[in-house]
Amino acid sequence: MLRKFLITTAAAAVLPLSAPTTAWADSQTLTADELMQQVEWLQVQMSTLLQQIEEIKTQSGEASSAANTAAKKADDLEERTAYLEDDVEDLDDRLMGPERHTALDSIRFSGDFRTQAHSISVDMADRIDGINVQKDLVNTLFYFGATNQPPMTPDLSDVDQFIAQNYDGYLYYLDNVVTFDFIKQQVEGLMQQDPALAEQLLGLLASQEDSFIPGYNHDNDIVYTTRLRMNMAADVAEDVVFEGRLGMYKTWGDSSNVQVFNGQPTSIGWDGTTVGVPPSSDIIRLERGYFTWRDIADLPMYLSVGRRPSTGGAPLNFREDEPRGGTPIGALFNYQFDGITWGYHFSEKSTFRICYGLGYESEWGNGSEYKPPSDRLDDTWFVGAVWDVWNDEDMLVQLNVATAQDIGDGFNGLTVLPFDPVTGQDAPPAVIRYTPTDNIGNMNLAGLVMVRHDGPFDWFASVNYSESDPNDVTTPFGGMFADPFETPDDEDGHMYYLGARYNFPNEKTKLGLEFNHGSEYWFNFALAEDDFLGPKTSVRGDVWEVYLTHRIRDKFIFKIDYIDYSYDYSGSGWILGAPKDLGDNGNILATPTYDDASKFMASFTARF
């Protein structure tokens, strides 16, 4: 303040010039624009005085004293200008701080950081290696086409010898002749011409000694994972909000984001699972992000568009000791997708929603430009209704119905496929982009869940139904609930899911028990379910889970968990291929298949 007083006093004494219209004042009371006006005025005056100095110097040496006086005035002006520029910078810093703080305050952040340790034990089922059978079939068709006769030796040694003698022709055959359509046409033609011979040939292929793989144990004593989730929310306008969540999920020692395909649907990095389950990486990705426009036309309805909050729905949030995280019933849908939701609030306790989503965009990024229109796939999309019939602090009753249309034989994803599913040959260990090859049909789903909070007990019951509507299409991995050389048929499945949790009086500890059972043809979209080994709600069989959570601090949670999986049928989580009764011998299965499995897990979660 003293510096500013001296500057102002000096200026009044030495500058009998007209000042700008804005009155001189303490810079604390001026805006940045007003101070800049003063700086610009002073620069003009200083320029004028410098001009006067030059004129005085040229006119007369006698005017040296006047020149010195003018020079002193210029120095005073220059010093004052520097002081005022400093004041402008100080004021700008003071203004930028609140503006930056205000901008950050408009976005609300929260999240959680979790570290888990898993100990896994798996018993694989006996199987006939379907990939080896496929290779023998391709080889036999080569032999049959060249010799016009079936193999004559039980161990197919005559086929192997013929290939060795005609290896160049065999390589040409693999590269230029063999396609899935070719194989299917040959098998179907043989079955029509001579069903007995076809059955005999297929039986011979399945009985090869090198194709039978007895069951074995696959244990992983310890595997660690880390997950980070960052929630975002912002008020865009009085009736528009943005919400989102970024996430990272990885196993320790691996950030490749790609797994070698092991037969489990979670070993492919699908669009809907990039954050929900490994395989993932240390890359932070968008799990959900959407705007919601509320009170449209002054009615209790809303529109929400973007990557949907479709994971962690009731009742799967129980075992995580966290609020309901997704809109649909968790036992039906636990999968990230992009879409639109229109909702209407019948009351404060009842909300009805219509949801639309896209699971596969067929005409962009998938090489459709190389195909004629008749060979291009349709988009995979779905529409459904989610009705919170009743939702308050004590009870949730929710009804969910949906249909998925034009489902492909998978979604876009990344994996390392260790074999060629068409020829049965070993494949080089390279990352491939898996892209659907055909639309295999439609799937209808329905579910009901009731959640209750009664004193120290929380409990839930959920019943769910699935129904297939297949096209007459099969691919190298099969059709909708059908093997590659079968004709798909309508199938329906069901799953029920029960659970209870006791809240200890210390309000920190909770003990829970859950059970679910899935039937032979049960299917749900649950690939983003956070179970690491595989989504338990997709199991065609029985699953028991017991867990304990304890809040060491209010937002610092310890959890131990044990899950026991007992599989009755193959293909849990898959829509491709016919389920096989794992109690039978002689099942042809392309990949290792879980018979029984168990997982013990311990974790720490920090929420902020």
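The values are calculated or read from the model by the stated rules, or taken from the named source; none is laboratory data. It should be emphasised that the depicted structure is a prediction, and the values quoted were computed from it without experimental measurement. We place every Cβ from the backbone using ideal geometry, glycine too, and count neighbours over all the protein chains shown. Note: accessible area is taken over every heavy atom of the protein model, side chains too, but ligands, DNA and RNA are not part of it. Shrake-Rupley method; radii C 1.70, N 1.55, O 1.52, S 1.80 Å.
Just a few scattered comments:
- Scanning segment 564-595 for residues that are part of a strand (DSSP E or B) and open to solvent by 60 Å² or more (accessible area, probe 1.4 Å) yields a total of 2.
- Tally of residues being open to solvent by 70 Å² or more (accessible area, probe 1.4 Å), aliphatic (A, V, I, L, M) and within 18 Å of Ile183 (Cα to Cα) across segment 143-171: 0
- Checked against (1) under 28 Å from Ser256 (Cβ atoms); (2) surrounded by fewer than 15 Cβ atoms within 10 Å (Cβ to Cβ), Gly413 meets all criteria but (2).
- When each of Glu363, Glu348, Glu369 is tested for being modelled with pLDDT of 95 or more and surrounded by fewer than 21 Cβ atoms within 10 Å (Cβ to Cβ), the lone residue that passes is Glu348.
- Residues that are farther than 27 Å from Arg607 by Cβ and of a type in the set (Val, Ile, Thr) occur in segment 330-344; there is at least one.
- Checking each residue in segment 442-457 for being farther than 30 Å from Asp378 by Cβ and either of a type in the set (Gly, Ala, Ser) or in contact with a Gly (Cβ under 6 Å, 6 or more places away or on another chain) (or both) picks out only Gly455.
- Search result, residues across segment 374-391 that are open to solvent by 50 Å² or more (accessible area, probe 1.4 Å) and of a type in the set (D, E, K, R): Asp375, Arg376, Asp378
For (1) open to solvent by 40 Å² or more (accessible area, probe 1.4 Å); (2) within 30 Å of Gln186 (Cβ to Cβ); (3) assigned to a loop (DSSP other than H, G, I, E, B), each residue gets a yes or a no:
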residue: Arg452; (1), (2), (3): yes, no, no
residue: Trp459; (1), (2), (3): yes, no, no
residue: Val463; (1), (2), (3): yes, no, no
residue: Asp490; (1), (2), (3): yes, yes, yes
residue: Tyr496; (1), (2), (3): yes, no, no
residue: Ala500; (1), (2), (3): yes, no, no
residue: Pro505; (1), (2), (3): yes, no, yes
residue: Leu511; (1), (2), (3): yes, no, no
residue: Glu529; (1), (2), (3): no, no, yes
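- Qualifying positions in segment 278-319 - on the phi < 0 side of the Ramachandran plot, of a type in the set (D, E, K, R) and either open to solvent by 20 Å² or more (accessible area, probe 1.4 Å) or without any contact (Cβ under 8 Å) to a residue 60 or more places away in the chain (or both): Asp282, Arg285, Glu287, Arg288, Arg294, Arg307, Arg308
- Meets criteria (open to solvent by less than 20 Å² (accessible area, probe 1.4 Å) and not basic (Lys, Arg)) for Asp181: no
- Residue match in segment 422-435 (condition: assigned to a strand (DSSP E or B), at pLDDT 95 or above, open to solvent by 30 Å² or more (accessible area, probe 1.4 Å) and among the aliphatic types (A, V, I, L, M)): no
- Enumeration of residues in segment 116-142 that are within 30 Å of Tyr562 (Cβ to Cβ) and either open to solvent by less than 60 Å² (accessible area, probe 1.4 Å) or free of Cβ contacts under 8 Å to residues at least 24 places away in the same chain (or both): Gln116, Ala117, His118, Ser119, Ile120, Ser121, Val122, Met124, Ala125, Arg127
- Positions within segment 200-222 being over 35 Å from the mean Cα position of the chain (by Cα) and over 21 Å from Ala590 (Cβ atoms), in sequence order: Gln200
- Matching residues, segment 513-527, being in a strand (DSSP E or B), open to solvent by less than 80 Å² (accessible area, probe 1.4 Å) and not aromatic (Phe, Trp, Tyr): Glu514, Asn516, His517, Gly518
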